[in-house]
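Novice: Before I ask anything, let me first share the structure, which is written out below as structure tokens.
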Amino acid sequence: MNRRQAALASVTAVLLSISVLSSCSDGTKAAKASGPVTVELWGWGEAKTVDPVVTKFNATHTDVQLKFVKQADNPGTQQNLRNAVAAQQNVPCLVQNFGEAPSLAAEALVDDISADLDPYIKQGLFAQSALPAAQAGGKYYAVPGGSTPAFMIINRKAYDKYGVTVPKTWDEMIAAGKVFKQHGIYVMNLAGEDPSTLINLVQQAGGTWYRIDGDKWKVDFLSPESLKAAAVVRQLIDDDLVAHQTYTDKPALISYFDSGKMVSLPTSTWQLASYELQYKKSLGDWEAVDLPQFTGATQFVTPMHAPGSGLIVPKGCAHVKEAVEAGVWLNTSKDAINASYQQDTGQYTWPGAIPDPSPWVDSVLPNKLFGTYKAEASGVILKAAKSGTDTWVAGPDYTGMFAELQDQWAKVVSKKTTMQAALEHMQEWTVADLKSKHINVEG
């Protein structure tokens, strides 16, 4: 996850005062030039994926045209955009998102597009779960892009071999892990450098570590939701039920997943093609199942926070209204989704921004990965998409906080500290960090 940590000292005032960030550049208010408006789109996506969509837009629009400017990579895009915004020259009007909305807004890199985006939201074009990640302080700073749905795949062959029932709750996942442990098999993998499982569990429980309350930020790493998530992680680690294969060596990681030594994998649609391509031993053994829920949960929930999703409109864009129009089309229209189809993979770009992705779900299902269980997979994926919620709020020091959390997580996974102690440390560290930046905080 890429998150920014520059120019955050005045973030509370920036995010909580509409007058500060709602101003537009002179170019935005300039009279419309004759002929179609050209909206420059920056991104690091592959041209083979983006170009057909841009071509389709230009063929179906007369007043607005898109021009895709390929960037080298994510970091290069960030630096180029900062340079353009600082100089207020050659500022693009749409950029592939690379961060959390509060940080981007605090850095004064993006425009408040709420007024132009609101009519599209009222039309119901966006899934509710896609909206929060595009906001900061109640204002929109990106055209929502949404997220891919969260579900789980299990090595059904191993589950059947050892008579383990597919877990429907996290408590049942822990119980399954204890059975598999007797056979030298891990129920899940928790990499030492990646605390995303904890973050996803907090979201699934309905929690967040940051909130805006009036004119101040509130920080709570020890909320009931956070402690509920921590209890699951603690049992998985303390009872030695999980592997700790690193994500930094992808070939070794995939080989391990394929080996049958780890049998449950929370995942999403974008990863399935990779498994299909790289698994050698276990193709056909896997089954898509619902993500386990917390015991006693009253509704089925999947976490759907989408940091860096959507399309941002940089400060200094001369055509904000047209940029929003183009961004909404790119992220929600049937024509755009269909134009993203890739012949070599047989897949469309997952339409995470829209309420109903069902017409495109079959394209993400690999031919061999699920074997005889393929027919049920589309229902699992659509249920996950429909049940997605986003309660997560990214605070103004999220980048620094996440780096500190990674250090604490590594200690938890290696049993050098406890999950409780790590959360207590993060509470103290985050409050102190915000205060050091002169941000009004309570916690």
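A short reminder: the numbers here are calculations on the coordinates, not readings from a lab. Worth saying up front: this structure is predicted, and the values here are computed from it rather than measured. Cβ placement follows ideal geometry from the backbone for every residue including glycine, while neighbour counts extend to all protein chains displayed.
Novice: Relative to the longest principal axis of the chain, what angle (0 to 90°, nearest 10) does the C-alpha long axis of helix 47-60 take?
Specialist: The two axes meet at around 50 degrees.
Novice: Can you pull the Rg over Rh of region 198-261, Cα-only, Kirkwood?
Specialist: Radius of gyration relative to Kirkwood radius: 1.16.
Novice: Using a Förster distance of 35 angstrom, determine the FRET efficiency expected from the C-beta separation of E376 and D51, and round it to 0.05.
Specialist: In this case the efficiency is close to 0.50.
Novice: Next question. For K70, project a label point 7 Å along Cα to C-beta. Then give me every residue of region 79-98 with its amide nitrogen under 17 Å of that point.
Specialist: 96
Novice: Next question. Just add up the charged neighbours of P195: K/R +1, D/E -1, any other residue whose Cβ is under 12 Å from the Cβ of P195.
Specialist: Here the count lands on -3.
Novice: Of K122/K334; K228/K437; K161/K181; K67/K139; K161/K228, which ones are farther than 22 Å apart at the Cα?
Specialist: K228/K437; K67/K139; K161/K228
Novice: When the dipole is taken about the Cα centre of region 163-215, and only Lys, Arg (+1) and Asp, Glu (-1) are charged at their Cβ, what size is it in debye, to the nearest 20?
Specialist: Its charge dipole is roughly 340 debye.
Novice: For region 109-176, compute Rg over Rh where Rg is the Cα radius of gyration and Rh is the Kirkwood radius from the inverse mean 1/r over Cα pairs.
Specialist: 1.31
Novice: Same structure, new question: Which peptide among 310-321, 47-58 comes first, and what is the full order, when sorted by highest mean count of other Cβ atoms within 10 Å?
Specialist: 310-321, 47-58
Novice: Now, a different point. Assuming R0 = 25 Å, what is the FRET efficiency of K216 and A108, from their Cβ-Cβ distance, to the nearest 0.05?
Specialist: The formula returns an efficiency of 0.75 here.
Novice: What is the distance, in nm, between label points placed 7 Å from the Cα along the Cα-to-Cβ direction at K415 and at A86?
Specialist: Here the modelled spin labels are 4.9 nm apart.
Novice: Along its three principal axes, how long is region 314-422 when you only count alpha carbons? Whole Å, largest extent first please.
Specialist: 53, 51, 27
Novice: May I ask you to list the aspartates and glutamates whose Cα is less than 18 Å away from that of K386, ignoring any residue fewer than eight positions away on the same chain?
Specialist: Straight-distance partners of K386: D290, D356, D362, E376.
Novice: Could you tell me the extents of region 53-123's C-alpha atoms along the three principal axes, largest first, rounded to whole Å?
Specialist: Here the spans come out as 33, 30, 20 Å, largest first.
Novice: Can you tell me how much longer the chain between H438 and Y341 gets when fully stretched, taken as 0.36 nm per residue apart minus their C-alpha distance, in nm with one decimal?
Specialist: Extra length available between H438 and Y341 comes to 30.1 nm.
Novice: Between Q182 and A403, what's the calculated FRET efficiency when r is the beta-carbon distance and R0 is 45 Å? Round to 0.05.
Specialist: 0.75
Novice: Spelling out what I want: for every residue of region 331-339, take phi, set θ = phi - 60°, compute 6.51 cos²θ - 1.76 cosθ + 1.60 (Karplus), and round to whole Hz; glycine and proline get x.
Specialist: My calculation for region 331-339 gives 9, 10, 7, 4, 4, 5, 4, 5, 5 Hz in order.
Novice: Name the shape class, rounded, prolate or oblate, that the alpha-carbon gyration tensor gives for region 206-356, where a ≥ b ≥ c are the square roots of its eigenvalues, rounded holds for a/c under 1.5, and otherwise prolate holds if a/b is larger than b/c and oblate otherwise.
Specialist: oblate
Novice: Any lysines with Cα under 17 Å of the K368 Cα? List them, leaving off those in the same chain fewer than 8 positions away.
Specialist: Answer for K368, where 17 Å is the Cα cut-off: K157, K280, K281, listed by chain and number.
Novice: I've got another one for you. Rounded to whole Å, give me the distance from the Cα center of region 122-148 to that of region 72-96.
Specialist: Measuring centre to centre over Cα atoms gives 22 Å.
Novice: Something else about it: Projected onto the charge dipole of region 52-207 (+1 at Lys/Arg Cβ, -1 at Asp/Glu Cβ, origin at the Cα centre), which of N97, V166, A72 gives the Cα projection farthest towards the positive end?
Specialist: Selected residue: V166.
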